[in-house]
1. Out of all the residues in the stretch 127-140, which are open to solvent by 90 Å² or more (accessible area, probe 1.4 Å) and in contact with a Gly (Cβ under 9 Å, 6 or more places away or on another chain)?
2. Could you tell me whether V130 is part of a loop (DSSP other than H, G, I, E, B) and either closer than 24 Å to E56 by Cβ or more than 15 Å from the chain's Cα centre (by Cα) (or both)?
3. Have a look at V86, V82, V92, V130 and point out the one that is more than 25 Å from F45 (Cα to Cα), within 13 Å of the ligand (Cβ to nearest atom) and either β-branched (V, I, T) or modelled with pLDDT of 95 or more (or both).
4. For the stretch 145-153, does any single residue satisfy the condition of being within 16 Å of the ligand (Cβ to nearest atom), touching a residue at least 12 places away in the same chain (Cβ under 8 Å) and open to solvent by less than 30 Å² (accessible area, probe 1.4 Å)?
5. What is the residue count in the stretch 23-62 for residues that are within 13 Å of the ligand (Cβ to nearest atom), assigned to a loop (DSSP other than H, G, I, E, B) and among the β-branched types (V, I, T)?
6. Looking only at the stretch 102-112, decide whether some residue is of a type in the set (S, T, Y), within 13 Å of the ligand (Cβ to nearest atom) and farther than 24 Å from A40 by Cα.
7. Among the listed residues N38, N15, which satisfies the condition of being buried (at least 16 other Cβ atoms within 10 Å of the Cβ) and either under 20 Å from N119 (Cα atoms) or among the polar types (S, T, N, Q) (or both)?
Amino acid sequence: MIRVVCPGSFDPVTNGHMDIITRAARLHDEVIVAVLRNVAKSSLFTADERVGMLREVTKDYANVRVAKFDGLIVDFCRAHDVSAIVKGLRAVSDFDYEMQMAQMNYAQAGVETLFMTTNPLYAFLSSSLVKEFASYGGDVASLVPEPVLRRLTERLARD
Ligand code: PNS
């Protein structure tokens, strides 16, 4: 039984995240999407809202579940018997930091990290860019799942 984790802030989940989650779910027995509840980092959506959106957009994936976490991802991996962390790599700019985190997690806890190359369709995509573009009235309908687009539009209209 190979259980992997896709960790992130997911503020909000994008089509780029969905691409990685979908492909990870095809390759492994179980995928846990772990949502970081980071009180130090300001977010547009609360951790519960982010979890709710992820549950909605992964509801048809039989081997994907969504959880919240605090603290170190390696502690989450130990507690949930996770074999590896799966991350998407968009560009060379992602590489340095991702490599550092992967090596730290392996050196300190023996937790492996598997990198998947991002689908070129989503290579430019990040939650931050989606939020910025949408906040100035840009059309992000092709960049996020439909339920996320709805919530993003509501949230930005309110703020
Ligand atoms: O979507 P993000 O914000 O790029 O995700 C980053 C995340 C949550 C995967 C990373 O910051 C993380 O694993 N944070 C948990 C804290 C931790 O384990 N830090 C040490 C990494 S070596």
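The values are calculated or read from the model by the stated rules, or taken from the named source; none is laboratory data. Remember, predicted model here, so these are calculated numbers, not experimental data. Virtual Cβ from ideal backbone geometry, glycine too; neighbours counted across all protein chains shown. Accessible surface is based on the protein model in full, side chains and every heavy atom, while ligands, DNA and RNA are left aside. Shrake-Rupley method; radii C 1.70, N 1.55, O 1.52, S 1.80 Å.
1. Correct list: E132 only.
2. On the way: part of a loop (DSSP other than H, G, I, E, B): no; either closer than 24 Å to E56 by Cβ or more than 15 Å from the chain's Cα centre (by Cα) (or both): yes.
Taking the combined requirement at face value, the residue does not satisfy it.
3. Details: V86 fails: more than 25 Å from F45 (Cα to Cα); V92 fails: within 13 Å of the ligand (Cβ to nearest atom); V130 fails: more than 25 Å from F45 (Cα to Cα).
Matching residue, one of V86, V82, V92, V130: V82.
4. Just the residues of the stretch 145-153 that are within 16 Å of the ligand (Cβ to nearest atom), to begin with: 148.
Filter once more, so that each one left must be touching a residue at least 12 places away in the same chain (Cβ under 8 Å): 148.
Those still in the list that are open to solvent by less than 30 Å² (accessible area, probe 1.4 Å) too: 148.
Yes: one or more hits.
5. 1
6. Our first condition is that a residue be of a type in the set (S, T, Y); within the stretch 102-112, this holds for 106.
If we keep only those that are within 13 Å of the ligand (Cβ to nearest atom) too, we end up with 106.
Pick out the ones that are also farther than 24 Å from A40 by Cα and you get 106.
Among the residues of the stretch 102-112, at least one is of a type in the set (S, T, Y), within 13 Å of the ligand (Cβ to nearest atom) and farther than 24 Å from A40 by Cα, which makes the answer yes.
7. Values: N38 fails: buried (at least 16 other Cβ atoms within 10 Å of the Cβ).
Residue meeting the stated conditions: N15.
Listed here are the residues, each with its yes/no results for (1) charged (D, E, K, R); (2) crowded, with 16+ Cβ neighbours inside 10 Å; (3) assigned to a helix (DSSP H, G or I).
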{"residue": "G88", "(1), (2), (3)": "no, yes, no"}
{"residue": "S93", "(1), (2), (3)": "no, no, yes"}
{"residue": "M99", "(1), (2), (3)": "no, no, yes"}
{"residue": "Y106", "(1), (2), (3)": "no, no, yes"}
{"residue": "T113", "(1), (2), (3)": "no, yes, no"}
{"residue": "M116", "(1), (2), (3)": "no, no, no"}
{"residue": "L125", "(1), (2), (3)": "no, yes, no"}
